[in-house]
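Presented below is the structure to which this report refers.
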Amino acid sequence: MLEKEYFAQKIEKKWLDIWEEKKPYKTDDDSKKPKYYALSMFPYPSGKLHMGHVRNYTLTDVVARFKRAQGYNVLHPMGWDSFGLPAENAAIQHGANPKTWTLDNINYMKKQLKMLGLSVDWDREVTTCLPDYYKWTQWLFLQLYKKGLAYKKTAPVNWCENCATVLANEQVIDGKCWRCNSEVTKKNLSQWFLKITQYSDELLKDLDLLKGWGENVKTMQANWIGKSTGAILKFKVKELDNVEIPVYTTRADTVYGVTYLVVAPEYKDIELLTTDENKKAVEEYRNNAKKLSEIERLSTERVKTGVPLGTHIINPFTGRICPVWVADYALVDYGTGAVMAVPYHDERDFEFAKKYKLPMTQVIDGEGFKEGSCYIEKGHLVNSDKFSGMDATKARDAITQYAKDNGFGEFKTQYRLRDWLISRQRYWGAPIPIVYCPNCGEVAVEDKDLPVLLPEDVDFTQKGVSPIETSKTFRETICPKCGAKALRDTDTMDTFMCSSWYYMRYSDAKNDKECFNKDLVNKWLPVDQYIGGIEHAILHLLYSRFFTKALRDCGLLDFDEPFNNLLTQGMVLKDGSKMSKSKGNTVDPDEIYQNYGADTARLFILSDSPPARDFDWTDAGVEGCYKFVNRVYRLFEKFQNKINLNYNLEICNLNKKDEDFTRSVHIAIKKITYDIEHEFQFNTVISAYRELTNSIYEYVKDENAINYKVLSFALLTLLKLISPVLVFLSEEIYSSFNTTESIHNTPWPKFDEKLAKTSSITLIVQVNGKIKDKIEAEADLSNDELEKIAKESIKVKEAIMDKTIVKVIVVPNKLVNIVVK
RNA sequence: GCCGAUGUGGCGAAAUUGGUAGACGCACCAGACUCAAAAUCUGGCGUGGUUCACCCCACGUGCCGGUUCGACUCCGGCCAUCGGCACCA
């Protein structure tokens, strides 16, 4: 029996206890059903759940439950992205232990997640900061190392003074640290990198395979990879035998217009290229460049500066002698670090040449060309010897080919993507499993010695050193190769390493012999639906795609892309701006659970906007959803004794009212199923819930005219349709019919195509495209009949009275348009 | 500058293929129930005009133009907002 009134807390508590005990959402690896992998981006255990989490996990949960009802074997796991700076900062600021701090947070948030009613298989929970997980992160690092995909090199790297660590390129946003927003500087350090650039082309090309990803994310990744095709051209230095300067250019067609060359201040041969007279000025210029921050240097508004080195190059095409300059508009880490300057056809070179009164030669002509101003269009060549008159695009290839044939050039594809810097000078991460031996050099830790455990005897407060270096027990070890005294690497790995493979681990989460079983990972992956925030469009999603390809090449798995479909949810806003503690506009999920229950929270977070768009949280909106939940409850409470569970219903022998009502139920099944399957449009799903509920209320208005078989069918269908969203309420109501089975194990309702439409239609009658009349008519009439009905309309007759009919257009079941003159 | 997304009532939004623009909800207004309030139920709700009123007429999906019997939807050209990339040669 249902209680008289709806008490969310009581019902939800009851079912949470039952689910905890019975584990109804445990995934069976051996099921014969087709698999479906529904995945949410796992949370960082920051302390408490926020509404963004609620939105993310509700979305994935509803998808998981819907697919389960459709007969899929669903994997819906959850875990914790639990290494990272906030834990360590808590340790520094409040003297907490990062491990305790993290595990306490996980404990609390896990409880909150469970209260949301997620159908997660908690037996597959992964926690990246625990040794049973990071052992395998370390092992995977070593696989990449052995494959030559992880290497150590000294390079100018991004350094955040505030976080006291280096950062990957992807973690520098507009010259600032992604985490603390302070300015990033360059430091020359020896660091570990992963060779993501080896996959540049595949990462770009395979974006085309990702039909289930939004254009926005794919474009961001394509921009980030930044492919450009061009050529390397080599210029001999006049003053120095055996020295050449190679440049990268996408406009080889303009090579006859080169009037000078520019090298970056950090260019490797710059000292060689500087003559004694220019030494002082060049040194001064380079020192100034060093002082500039990334932000200043990258500003496009800055006036271009530079100084000549004193040496010259010989243009192999023209024989022309051109000076070499140093200027910071050339970037050391793109192309070759040197640029051939063609002032007439490049805006930057033009500006620079004008300022320093360097010569210009026009070599391209075409539409819109104006004497004395920069022309960057691709027209045809002039002043270019035998290439004159040629189309610029063709000339680009012809000139490169000529350079190649004569040994001073080649075709070259250039990417903007850089290798992924993964070392961090911080404590709370997976230690890099490498040992430095005085005899053998860099040596990998052996598999049997994994994991390399994080030391506990560390001091977080010492400035200028990584906390791990303060451990007395960690550093010293013996070389796995020769047994000599050796030192461990004291850096840890970027947390994005941990999150690049967690979704694979879920396929075999408890395996202590392997990172995952190959058959299981191949069975469950790729992920069928991945849901999470847009902020990972480049970082996590690009790294994970790279990891998948790299692990494939290590022989660990057999697929090319990890995530077939990606839904990037919008932000949760309140009063028009993102919820944040500093703005004081946050809403605490615990409070919502307490006041309205998790079902109402789930309903509301899905109701007002489609998932990809931002969602505006309003108190009135929650209130409205709570009213709906109560409205549904009252309906079942009132008719609970009249419901017949066997609702297989024949349409024949029904009167008009019952038939139309039955049709509206079929229409609802059809619409809801379609809207979930297409783009997860839960906002319209929920409006269909409301429409069906409204029509049930309409149907039961006249209590003497209720056919209880028909009503049972409608109510039970409604109950099943709302069950993926209102998980507790539907279970409570269903169990009140003395069923032993959970509603969440019952199949999704089917609709009858013949019944999923109305028996009568509103025929729209237009004259010359303007609506003149609306006529109720039987459905499925022939075109002739519809035309006849339309012409009988008095309003139509008036409108066409003194005119001739040119033609009549009939759209079956919809409209008739009479065209007159 | 290049690339991508978005633009519809007071608000969130809807409109499978070109075929009733504004479903569903929030807010608001009016009414029923009540001694009263809450809850609940019923009705109204794009703009302007006309009418005592139901009716009716015109306009209306960022702007301008086009295709079509018919355009939120297709095409061309703009504008605005948000996001990504960018002295990348």
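Key figures for this structure:
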quantity: Some residue of segment A:728-745 being under 30 Å from residue A:818 (Cβ atoms) and not polar (S, T, N, Q); calculated: no
quantity: 2 or more residues surrounded by fewer than 21 Cβ atoms within 10 Å (Cβ to Cβ): qualifying helices (runs of 4 or more DSSP H) within segment A:441-537; calculated: A:518-524
quantity: Which numbered condition residue A:654 misses (of (1) open to solvent by less than 40 Å² (accessible area, probe 1.4 Å); (2) at pLDDT below 90; (3) within 19 Å of residue A:58 (Cα to Cα)); calculated: (3)
quantity: Residues of segment A:252-271 classified as within 13 Å of RNA strand B (Cβ to nearest atom) and not in a loop (DSSP other than H, G, I, E, B), total; calculated: 9
quantity: Residue match in segment A:59-82 (condition: within 30 Å of residue A:466 (Cβ to Cβ), part of a loop (DSSP other than H, G, I, E, B) and modelled with pLDDT under 95); calculated: no
quantity: Residue that is nearest to RNA strand B (Cβ to nearest atom) [pool: residues in segment A:668-678 that are open to solvent by 30 Å² or more (accessible area, probe 1.4 Å) and not basic (Lys, Arg)]; calculated: A:674
quantity: Contacts under 6 angstrom Cβ, first residue in segment A:260-282 being under 14 Å from residue A:324 (Cβ atoms), partner of a type in the set (D, E, K, R) and within 16 Å of RNA strand B (Cβ to nearest atom), 6 or more apart; calculated: A:265/A:286; A:265/A:328
quantity: Some residue of segment A:753-768 being at pLDDT below 90, open to solvent by 40 Å² or more (accessible area, probe 1.4 Å), within 11 Å of RNA strand B (Cβ to nearest atom) and touching a Ser or Thr at 6+ places or on another chain (Cβ under 7 Å); calculated: no
quantity: Unique residue being open to solvent by less than 70 Å² (accessible area, probe 1.4 Å) and either within 16 Å of residue A:720 (Cα to Cα) or more than 11 Å from RNA strand B (Cβ to nearest atom) (or both) when the list is A:665, A:700; calculated: A:665
quantity: Pick from segment A:705-723, criterion hydroxyl-bearing (Ser, Thr, Tyr) and open to solvent by less than 10 Å² (accessible area, probe 1.4 Å), ranking: farthest from residue A:119 (Cα to Cα); calculated: A:712
quantity: Test result for residue A:544, in contact with a helix residue (DSSP H, G or I) (Cβ under 7 Å, 6 or more places away or on another chain) and among the hydroxyl-bearing types (Ser, Thr, Tyr); calculated: no
quantity: When residues of segment A:769-790 are limited to those that are acidic (Asp, Glu) and away from RNA strand B (no atom under 12 Å from the Cβ), the one least open to solvent (accessible area, probe 1.4 Å); calculated: A:787
quantity: Positions within segment A:204-251 being more than 7 Å from RNA strand B (Cβ to nearest atom), under 22 Å from residue A:562 (Cβ atoms) and among the aromatic types (Phe, Trp, Tyr), in sequence order; calculated: A:213
quantity: Those strands (runs of 3 or more DSSP E) lying entirely in segment A:541-634 with at least 1 residues touching a Phe, Trp or Tyr at 6+ places or on another chain (Cβ under 6 Å), within 16 Å of RNA strand B (Cβ to nearest atom) and farther than 20 Å from residue A:690 by Cβ; calculated: A:566-569, A:572-574
quantity: Residue among A:299, A:293 that is more than 10 Å from RNA strand B (Cβ to nearest atom), under 36 Å from the mean Cα position of the chain (by Cα), at pLDDT below 95 and open to solvent by less than 80 Å² (accessible area, probe 1.4 Å); calculated: A:293
quantity: Members of segment A:117-169 found to be touching a Ser or Thr at 6+ places or on another chain (Cβ under 7 Å), open to solvent by less than 10 Å² (accessible area, probe 1.4 Å) and hydrophobic (A, V, I, L, M, F, W, C), listed by number; calculated: A:129, A:160, A:166
quantity: Among the residues listed as A:641, A:646, the single one being open to solvent by 80 Å² or more (accessible area, probe 1.4 Å) and not in a helix (DSSP H, G or I); calculated: A:646
quantity: Residue match in segment A:679-688 (condition: more than 9 Å from RNA strand B (Cβ to nearest atom), over 34 Å from the mean Cα position of the chain (by Cα) and open to solvent by 10 Å² or more (accessible area, probe 1.4 Å)); calculated: no
quantity: Search result, residues across segment A:19-44 that are closer than 16 Å to residue A:113 by Cβ, in contact (Cβ under 8 Å) with a residue 40 or more places away in the chain and not in a loop (DSSP other than H, G, I, E, B); calculated: A:20, A:38, A:39, A:40
quantity: Residue A:26 being open to solvent by 50 Å² or more (accessible area, probe 1.4 Å), closer than 30 Å to residue A:580 by Cα and not β-branched (Val, Ile, Thr); calculated: no
quantity: Out of A:371, A:367, A:347, sole residue that is open to solvent by 10 Å² or more (accessible area, probe 1.4 Å), within 14 Å of RNA strand B (Cβ to nearest atom) and either without any contact (Cβ under 8 Å) to a residue 12 or more places away in the chain or not polar (S, T, N, Q) (or both); calculated: A:347
quantity: Residue selected from segment A:329-344 under the condition near RNA strand B (Cβ under 6 Å from one of its atoms) and under 8 Å from residue A:264 (Cβ atoms), by the criterion most open to solvent (accessible area, probe 1.4 Å); calculated: A:331
quantity: Residue within segment A:541-553 that is under 24 Å from residue A:117 (Cβ atoms) and among the aliphatic types (A, V, I, L, M) present; calculated: no
quantity: Of residues in segment A:214-242 being part of a loop (DSSP other than H, G, I, E, B) and within 24 Å of the chain's Cα centre (by Cα), the one modelled with the lowest pLDDT; calculated: A:214
quantity: Restricting segment A:132-189 to residues that are charged (D, E, K, R) and within 16 Å of RNA strand B (Cβ to nearest atom), the residue that is nearest to the chain's Cα centre (by Cα); calculated: A:170
quantity: Residues (away from RNA strand B (no atom under 16 Å from the Cβ) and within 30 Å of residue A:565 (Cβ to Cβ)) located in segment A:190-200; calculated: A:194, A:195, A:198, A:199
quantity: Any pair with Cβ under 8 angstrom, 6 or more apart, that starts in segment A:180-197 at a residue that is among the acidic types (Asp, Glu) and ends at one that is surrounded by 15 or more Cβ atoms within 10 Å (Cβ to Cβ) and in a strand (DSSP E or B); calculated: A:183/A:176; A:183/A:177
quantity: Qualifying residue in segment A:730-738 (condition: more than 20 Å from residue A:4 (Cα to Cα) and not β-branched (Val, Ile, Thr)); calculated: no
quantity: Subset of segment A:190-201 that is in contact with an Asp or Glu (Cβ under 8 Å, 6 or more places away or on another chain) and assigned to a helix (DSSP H, G or I) - its residue that is surrounded by the most Cβ atoms within 10 Å (Cβ to Cβ); calculated: A:196
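The values are calculated or read from the model by the stated rules, or taken from the named source; none is laboratory data. Being a predicted model, the structure only gives us computed values, none of them experimental. When we count neighbours, we look across all protein chains shown, and the Cβ atoms used for this are built from the backbone with ideal geometry, even at glycine. Just so you know, the surface numbers come from the protein's heavy atoms only, side chains and all, with ligands and any DNA or RNA stripped out. Shrake-Rupley method; radii C 1.70, N 1.55, O 1.52, S 1.80 Å.
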